[in-house]
Amino acid sequence: MDLGRDDKLAELIISGDKPLCGEVTIGGRKNSAVAVIPATLLAAGTNTLSNLPAISDICTYNDILRHLGAVTQEPSNGVMRIDTSKATPEKSPPLEMVKAIRASYYLLGALLGRFGYARVGFPGGCNIGQRPIDQHLKGFKTLGAKVHTDHGEVVVEASGSRLQGAHIYLDVASVGATINIMLAAVLAEGTTVIENVAREPHIVDVASCLNSMGAKVVGAGTDTIKIHGVQEMQPTSHAIIPDEIEAATYAIAGAATRGDVTLINVVPKHLDAVTAKLGEAGIRVEENGDWVRIAAAKRPRAVSLKTLPYPGFPTDAMPPMMVLLSLAEGTSMVSEGVFENRFDHVEELQRMGTNVRVEGRTAVIEGVKRLHGTSVKATNLRAGAALVIAGLRAEGETVVSCIEHVDRGYEHFDKKIKALGADITRVQDGGDEEDSSDGPADDGDSGQVVSFSQS
Ligand code: UD1
């Protein structure tokens, strides 16, 4: 899979203040893909996954699966074949792989479910708070697993020959815990009921993938999931749903640059929380079938919001949204309701001229008329996307370093943005410039970008 990157550190150089205009095709959902890939471990045989995004987290998962003995093909045009027949939990994956991504925690549920044993290092991912996994472990224990930690790794082991179905109430509606407990419970003996679960659309996607493998999961998308354990599962073919955070990022970038952007291959309903706020801010939003169009001719109005689990405003779209609100007329308040520490992009945004004050878990944003380019550093995936959007709107040149964070979750980010009319160049550490002008055609339909004139 061509990620438009190599292993060297990269930065993006943006000459800003140009509207983004055109169509951008949205890829498969990162947070669904990184759960469905380990889910394939639950059955022996060859699975085919499609609409996978061309992002580095998928490459990392591919490396992890190979380490566990699965035979995988390099993803091509969003399609990946995974033969899990020879996978084994005996070789615990190297810590550097496990720490490179958050979703490595799904190996615990999937390996425990199929083999009754897993040994996996604590996960990594974006540094946006403490991010404990106590609810995942509580779920495994309730299903009858013994859990302990050893040299920085979590070891989970079924007490008998199979896990036992159980009643589990989550203290927080955690996305990761909901999926991980589903993965462990599908092959358990008897029925599992999980209450106070997260309701994100990718939980429904993972449940439907599991059901296509022979599992019996009902209620995904509601706050209670019931799982009737089965003896065995079979390999599957599954297409990943579109990525609503990638879509939200381009929608916000279009609005912030006073552009006109149409998102192709989206589920408009999944974007409701974001498009509703864009509408309140005075941005024109049109949608139909599988597309959403965002057009902004003037300065947005200030709006306030609080991030919440789905169907609330997504925490992952909050850093980009703060850039738009930094340019709005008036004062906006943004409260972070999911993670306790997610404002580390604010310091870098302030260096570009935003007027943002953080008070606990709330940011008070006084809108400014213009931003100015400077050198800034991406500290995590969504913070990096926010800084790029700020650079697209800023006067002068912006250099965003540590773009490898962004490559974890946005496929061909700079190429897609360039095809929408931006002046953006990727430079690898050492000064090599990469040509972003050819667009992301190498990724087939998940990367197609077509320009059209602004109306
Ligand atoms: C996932 C997503 C991430 C998204 C987040 C919220 C992946 C790989 N990542 O992260 O992009 O921002 O959902 O939509 O899918 N918590 C606990 N104990 C636990 C688990 C979570 O206290 O065992 C807390 C967390 O600290 C956080 C909240 O619950 O405050 C929500 O976290 P969770 O939904 O689990 O997020 P992640 O799965 O880490």
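Every number in this text was worked out from the coordinates using simple rules, so none of it is lab data. Since the structure is predicted, the reported quantities are computational estimates derived from the model, not experimental observations. Reconstructed Cβ throughout: ideal geometry from the backbone, glycine too, with neighbour counts over all protein chains shown.
Things worth noting here:
- In order through the range 213-220: 3J(HN,Hα) via Karplus (6.51 cos²θ - 1.76 cosθ + 1.60), integer Hz, x for Gly, Pro: 8, x, 6, 10, 10, 10, x, 4
- Rounded to the nearest Hz, the phi-derived 3J(HN,Hα) couplings of the range 402-416 under the Karplus curve 6.51 cos²θ - 1.76 cosθ + 1.60 (θ = phi - 60°) are 6, 6, 4, 4, 5, 5, 5, x, 10, 7, 6, 3, 5, 5, 5, where x marks glycine and proline.
- For the range 225-269, applying the loop criterion from DSSP together with a ceiling of 16 other beta carbons within 10 Å to the GluC sites (Glu not before Pro) yields Glu232.
- Sites matching trypsin sites (Lys or Arg not before Pro) across the range 7-41 that sit in DSSP coil, with at most 11 neighbouring C-beta atoms within 10 Å: Lys8
- Near the amide H of Ala10, within less than 5 Å, lie the amide hydrogens of Cys402, Ile403, Glu404, Asp429, all on another chain or at least 5 residues away, with H placed in the peptide plane.
- With R₀ set to 30 Å, the beta-carbon distance separating Ala44 from Tyr169 gives a calculated FRET efficiency near 0.35.
- For Tyr117, the residues 5 or more places off, or on other chains, whose built amide H falls under 5 Å of its own are Leu112, Ala158.
- Across all Cα pairs in the chain, the calculated P(r) in 20 Å bins from zero up to the longest distance comes to 27, 56, 17, 0 percent per bin.
- Set Lys30/Lys306; Lys369/Lys418; Lys30/Lys369 screened for pairs whose C-alpha atoms are more than 29 Å apart: Lys30/Lys369
- Whole-Hz ³J(HN,Hα) from phi, Karplus 6.51 cos²θ - 1.76 cosθ + 1.60, for the range 33-49, glycine and proline x: 4, 6, 9, 5, 4, x, 4, 5, 5, 6, 9, 8, x, 9, 9, 10, 10
- Amide H contacts of Asp423 (H built 1.01 Å from N, under 5 Å, at least 5 apart or other chain): Ser15
- With contacts taken as Cα pairs under 8 Å and at least 6 residues apart, the chain reaches a relative contact order of 22 percent.
- Cα-based shape type of the range 30-235, given that a ≥ b ≥ c are square roots of the gyration tensor eigenvalues and the cut on a/c is 1.5: rounded
- Summing Cβ point charges (Lys, Arg +1; Asp, Glu -1) relative to the Cα centre of the chain gives a dipole of roughly 1140 debye.
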